[in-house]
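For reference, the structure is listed below as structure tokens.
Each value in this text was obtained by applying a stated rule to the coordinates, not by laboratory testing. The structure displayed is predicted, hence computed values, not measured ones. Every residue, glycine among them, receives a Cβ derived from its backbone with ideal geometry; neighbour counts consider all protein chains shown.
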RNA sequence: GGCGCCGUACCCAAGUGGUAAGGGAGAGGUCUGCAAAACCUUUAUGCGGCGGUCCAAUUCCGCCCGGCGCCUCCA
């Protein structure tokens, strides 16, 4: 395998990936806050993380993938007088916060399953790790990075010299340009809460006892506590959306390294946003597209996955229905080619692709190795399935190999005949035979009538040299 | 104000200091009773504009125009 290079946000450069303890790789990906459905922008990031994990595994690494489920502590902004997201959602539905969390957690994994995203090795809920967070905060406190103010425990960013390195922030300038509506308890606008006992709103549903009083953890601490618990005090990769660079990940680094006194994460990867024609999609504004809204329009979840793969993860991708239509058409055509190859290979798939197929597979791996260039990798797959000089059985072997990373379910592709309800299929088969007879007697009117009739029922006929085949429209 | 990104054919979207991947859509052709599918051919002397560096720039630098993201919960 070629040398894997990844763009590290820390340092903003393409760097050779060197695992700390090869072949093991510790990977932490920020998971969802489960107060609502994931929207397709969220899902784009998870598709990216899936490509990352699958690529690492293809390149021989043993990946431990940890993902958090944020079910507490994710508060509204500094100057936002609104409620806790979880609490609001619970009140609206007349359920408990934990019921809400469970419902949307299930919905989240149902979505990622449909997108053929491999489940994380470890999924951990914030509410199951409160003691770990408290223990970690104690260490941060013991090292002198905290202060109490107004009942809350704050992290003092001025004590952490490297604060803001990930985001290229300079504290002096930030002070000057700071906003006015910040929490008045803060000494520095960028200080953040590690533990709340005084909330800006009432009815905090979940509270725990702690050395600082009864309350609940700040948002950032869960990722530090849980990642260290499962991956150790320093690990290889941490990934998430680009919006997390300046606040969430910056704060995670500060508190983690303040606790341990040593470097925490080696590689930081961030996925750019999926944006709508008129700007970004906002989960908190309530109007956003879910995977379900795509399938309601007749798209297969994998069409969306294909759509995501068409753009590089570090580039903004603009969502549009037209773009989805194109992805759908494109994927359909790709699957058609796989089916054709299957028929030509008469069910055979080479054990190991050789010759020209191997060359294309190598090129494919080279593209993945170059900062996960899915668009070029996908283009290479197209070149492969279109290459007339490659024997079908070899092409299939290489294509399925590529799909171990792309995840387009190519090996599961079947002609509709094989997946249809047998009764319905038998009925169609009968009509097809009738039409063949009509054609033999040159009764074009009847033949065309049958074809038109089937089309109305969503079935299209194709007369190939090998006979008539039918498929779903 | 600070940080960062983008502007490539009708559409989506890669990419490179030496002359533009791939897909969708369109057009022409082969095949066909007609279709469909498939296959073949075809679609940017051009990469927002203006300068600069260079033997050579779409690719580097500067400026300008246009669009977007983050800095506040958000992938």
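The packing ranking, built from the mean of other Cβ atoms within 10 Å per residue, places the peptides A:40-50, A:378-388, A:23-33, A:133-143 in the order A:40-50, A:23-33, A:133-143, A:378-388, highest first.
As a rough footprinting exposure proxy, the listed residues A:270, A:65 were ranked by other beta carbons within 10 Å of their own, and the order from fewest upward is A:270, A:65. Computed over the alpha-carbon pairs of segment A:416-472, the distance histogram in 10 Å steps reads 23, 59, 17, 0 percent, short to long.
Taking the empirical scaling 2.2 N^0.38 Å for compact globular proteins as reference, chain A has a Cα radius of gyration ratio of 1.17.
Relative contact order of chain A, taken over Cα pairs closer than 8 Å and 6 or more residues apart, is 17 percent.
Could the peptides A:222-234, A:362-374, A:340-352 be put in order, highest first, of the mean number of other beta-carbon atoms found within 10 Å of their residues? Kindly include the intermediate steps, with their values, before the conclusion.
Values: A:222-234: 22.1, A:362-374: 19.8, A:340-352: 13.9.
Ranked by mean Cβ neighbours within 10 Å, highest first: A:222-234, A:362-374, A:340-352.
Between residue A:429 and residue A:123, the modelled labels are 4.0 nm apart [label points 7 Å from Cα along Cα→Cβ]. Segment residue A:363..residue A:165, full-extension length gain: 67.8 nm, with 0.36 nm per residue of separation and the alpha-carbon distance subtracted. Here r is the Cβ-Cβ distance between residue A:102 and residue A:262 and R0 is 30 Å; the resulting FRET efficiency, rounded to 0.05, is 0.25.
Angle of helix A:250-260 to the longest C-alpha principal axis of chain A, folded into 0 to 90 degrees and rounded to 10: 60°.
Summarising the strand pairing of segment A:17-271, around 35 percent of its internal DSSP beta bridges are antiparallel.
Counting only DSSP beta bridges whose two residues both lie in segment A:1-156, roughly 45 percent are antiparallel. Model label points for residue A:325 and residue A:1, set 7 angstrom from Cα along the Cα-to-Cβ axis, are 4.0 nm apart.
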